[in-house]
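Student: Just dropping this structure here.
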Amino acid sequence: PSAGMADTAESQKVVIVGGGLVGSLAACMFSQRGYRVDLFEYRNDPRLSAVSQGRSINLAMSRRARAALGLVGLEGELLRHGIAMKARMIHDLEGGTREIPYDARTNQCIYSVGRKFLNDVLLSAAEKRSNVRLLFGHKMTGGSLDEGRVEFERTEGGTGGPKAKVKAVEAVGDLVVGCDGAFSSLRRLFMKKPMFNFSQTYIEHGYMELRIPPTADGEFAMPPNFLHIWPRGEFMMIALPNQDRSWTVTLFMPFAQFEAITTEAELLAFFGQHFADAVPLLGEDALVGDFFRSKPQPLVSVKCRPYHAGRALLLGDAAHAMVPFYGQGMNAGFEDVRLLSGLLDGLGGSPAGLADVLRRFSEHRNADAEAICDLAMYNYVEMRDLVNRPSFLLRKALDNALYAVLPDVWVPLYNSVTFSDMRYSECVRNRVWQDQVIRGVLVALLACAALLGLVAFVKA
Ligand code: FAD
């Protein structure tokens with residue numbers, strides 16, 4: 001219909017572009033609400049392949065993702081699979097470790113979950129519903145946002161394989177949802193619309209994934225309920241536990257530094273100097289093999305506005321990709337789906353309702369998405385450098401003490417981002433006034449000390 005959108009969910013069709021984490025969750029949410037859903041994914045069905053394609057093997061899942069998964073009845077299943085991480089474990093240069101709990105007051109945890117497992121579970125949950133069709137091997141190539149029309153190239157005989165044949169396919173929806181990631185093809189159509197703002201920033205650092213296998217007796221090689229961090233100022237390494245008792249280790253470092261390591265001897269000398277305690281766990285041969293087989297991957301932050309145009313909406317990384325240092329990219333994308341669902345709750349049967357929901361989603365979400373993109377950028381400095389500084393540890397101790405006595409008033413930034421549903425922009429505002437209070441108290445203390453000193457001096 002061109003004058004308005006159809007007025008019951010059952011009579012409306014949602015076309016989802018991208019069947020990654022956010023697209024497959026969105027398919028569950030829309031189908032649960034009664035919409036007919038066609039999900040088009042470029043890759044072949046990931047459930048049919050043993051290895052996970054693409055980025056990070058595991059992810060840190062926290063409150064926002066859990067709440068969204070709860071909406072479609074999957075929180076329990078994914079939590080059972082996840083491995084709780086209750087604290088950061090910081091590894092110093094000498095191989096010593098110390099813990100920094102994520103939530104000293106109520107012991108909340110973040111969870112390490114496998115990307116492939118999560119995607120597989122979400123796709124299977126969507127597929128179980130009779131009103132969902134999953135169409136793999138479909139690459140979006142063009143379309144019209146105003147008509148809700150999307151064009152795809154369908155590859156038969158395996159994406160890119162020698163027998164691959166390409167066919168053009170078209171889909172039309174009352175709503176088209178772009179969940180096709182940081183380099184979204186749907187977003188390319190938005191670029192032609194007036195008043196659409198877009199920016200992307202690559203950081204100077206790339207990442208490379210390495211692996212610590214289970215020990216000979218099948219155990220974790222390090223204490224499992226932690227996110228391990230080797231902060232080294234300009235660069236850092238982290239490790240998250242996997243279900244099979246291995247660790248996915250990620251090295252974040254300037255590209256120039258990756259490039260400077262060209263031989264086995266240089267690599268082992270570098271690791272021996274900066275990550276000596278990890279070398280026996282990684283294994284020298286495996287480390288050398290993994291390092292020289294892979295290429296460091298870039299990290300990009302994307303902001304755009306608005307998230308809707310015509311009959312289309314962008315969600316997840318397509319709307320707001322961020323660097324991974326707050327562990328919030330997927331969490332924020334899942335929260336998009338939960339917020340959209342909340343707005344659809346109030347839709348009623350109004351024919352113009354869906355257009356209004358899209359507009360309200362854009363308006364509500366933009367400031368929050370940009371706030372978490374900025375926080376993620378800031379947290380890189382915190383993770384690789386500031387965690388080593390006494391001023392950081394003092395501030396953390398002060399935050400925790402105030403949070404313990406005033407839990408409703410003084411929620412530290414990390415806790416509000418990770419363990420609450422507070423709007424991201426509100427988390428930032430909170431931090432600003434907390435900084436002002438601390439600065440004010442410090443100035444007052446210094447003034448008192450100076451005054452006391454002066455009195456003592458005059459009396460003497
Ligand atoms: P994607 O996962 O990128 O999925 C997009 C899908 O669209 C893909 O399946 C792709 O094949 C498909 N697609 C693309 N183009 C087309 C097309 N033209 N036609 C059809 N389909 C298409 N987040 C966290 O919350 N916690 C973490 O700990 C965390 N760690 C991370 C670590 C790293 C190293 C990185 C890079 C990211 C991390 N993230 C983390 C962020 C998280 O990976 C993303 O936010 C999340 O994957 C976004 O999901 P998405 O579905 O929007 O996009």
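The values are calculated or read from the model by the stated rules, or taken from the named source; none is laboratory data. Being a predicted model, the structure only gives us computed values, none of them experimental. Cβ: placed from backbone, ideal geometry, glycine included. Neighbour counts: every protein chain shown.
Student: Residues N388, N366, N400: which one is over 30 Å from G34 (Cβ atoms) and touching a strand residue (DSSP E or B) at 6+ places or on another chain (Cβ under 6 Å)?
Tutor: When all the criteria are applied, what remains is N388.
Student: Something else now. Looking at the structure I just gave you, is E234 surrounded by fewer than 17 Cβ atoms within 10 Å (Cβ to Cβ), out of contact with any Phe, Trp or Tyr (no Cβ under 9 Å at 6 or more places or on another chain) and either within 21 Å of E382 (Cα to Cα) or without any contact (Cβ under 8 Å) to a residue 12 or more places away in the chain (or both)? I'd like the intermediate steps shown before the answer.
Tutor: Details: surrounded by fewer than 17 Cβ atoms within 10 Å (Cβ to Cβ): yes; out of contact with any Phe, Trp or Tyr (no Cβ under 9 Å at 6 or more places or on another chain): yes; either within 21 Å of E382 (Cα to Cα) or without any contact (Cβ under 8 Å) to a residue 12 or more places away in the chain (or both): yes.
It is true that E234 is surrounded by fewer than 17 Cβ atoms within 10 Å (Cβ to Cβ), out of contact with any Phe, Trp or Tyr (no Cβ under 9 Å at 6 or more places or on another chain) and either within 21 Å of E382 (Cα to Cα) or without any contact (Cβ under 8 Å) to a residue 12 or more places away in the chain (or both).
Student: Continuing with this model, one more query. Determine, yes or no, whether L375 is of a type in the set (A, V, I, L, M), within 19 Å of the chain's Cα centre (by Cα) and part of a helix (DSSP H, G or I). Steps first, answer last, please.
Tutor: Numbers: of a type in the set (A, V, I, L, M): yes; within 19 Å of the chain's Cα centre (by Cα): yes; part of a helix (DSSP H, G or I): yes.
Yes, satisfied.
Student: If you check every pair at least six apart or on different chains, which have Cβ atoms under 7 Å apart with a residue in the stretch 362-387 that is at pLDDT below 95 first and a residue that is in a helix (DSSP H, G or I) second?
Tutor: If the second residue must be in a helix (DSSP H, G or I), the pairs left are N379/F325; N379/Y326; Y380/F325; M383/F325; L386/F392.
Student: Checking R63 against (1) more than 8 Å from the ligand (Cβ to nearest atom); (2) surrounded by 20 or more Cβ atoms within 10 Å (Cβ to Cβ); (3) modelled with pLDDT of 95 or more, which single condition isn't satisfied?
Tutor: (2)
Student: Can you confirm whether R293 is more than 16 Å from the ligand (Cβ to nearest atom) and free of Cβ contacts under 8 Å to residues at least 24 places away in the same chain?
Tutor: Answer is yes for this residue.
Student: Is it fair to say R188 is within 10 Å of the ligand (Cβ to nearest atom), without any contact (Cβ under 8 Å) to a residue 40 or more places away in the chain and either part of a loop (DSSP other than H, G, I, E, B) or out of contact with any Cys (no Cβ under 7 Å at 6 or more places or on another chain) (or both)?
Tutor: yes
Let's see how each residue does on (1) touching a helix residue (DSSP H, G or I) at 6+ places or on another chain (Cβ under 9 Å); (2) surrounded by fewer than 21 Cβ atoms within 10 Å (Cβ to Cβ); (3) under 30 Å from Y307 (Cα atoms):
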{"residue": "G76", "(1), (2), (3)": "yes, yes, no"}
{"residue": "I100", "(1), (2), (3)": "yes, yes, no"}
{"residue": "A104", "(1), (2), (3)": "yes, yes, no"}
{"residue": "K116", "(1), (2), (3)": "yes, yes, yes"}
{"residue": "A125", "(1), (2), (3)": "yes, no, yes"}
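Student: Being near the ligand (Cβ under 8 Å from one of its atoms), surrounded by fewer than 22 Cβ atoms within 10 Å (Cβ to Cβ) and not charged (D, E, K, R) is the filter here; which residues of the stretch 12-45 pass it?
Tutor: Once the filter is applied, which keeps residues that are near the ligand (Cβ under 8 Å from one of its atoms), surrounded by fewer than 22 Cβ atoms within 10 Å (Cβ to Cβ) and not charged (D, E, K, R), the stretch 12-45 yields only Y42.
Student: Here's a follow-up. For the stretch 404-431, give me each residue that is in a helix (DSSP H, G or I) and touching a residue at least 60 places away in the same chain (Cβ under 8 Å).
Tutor: Once the filter is applied, which keeps residues that are in a helix (DSSP H, G or I) and touching a residue at least 60 places away in the same chain (Cβ under 8 Å), the stretch 404-431 yields A404, Y414, N415, V417, T418, F419, Y424.
Here's the yes/no breakdown for (1) more than 13 Å from the ligand (Cβ to nearest atom); (2) in contact (Cβ under 8 Å) with a residue 60 or more places away in the chain; (3) buried (at least 20 other Cβ atoms within 10 Å of the Cβ):
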{"site": "L299", "(1), (2), (3)": "no, yes, yes"}
{"site": "V302", "(1), (2), (3)": "no, yes, yes"}
{"site": "R311", "(1), (2), (3)": "yes, yes, yes"}
{"site": "H320", "(1), (2), (3)": "no, no, yes"}
{"site": "G333", "(1), (2), (3)": "no, yes, yes"}
{"site": "V337", "(1), (2), (3)": "no, yes, yes"}
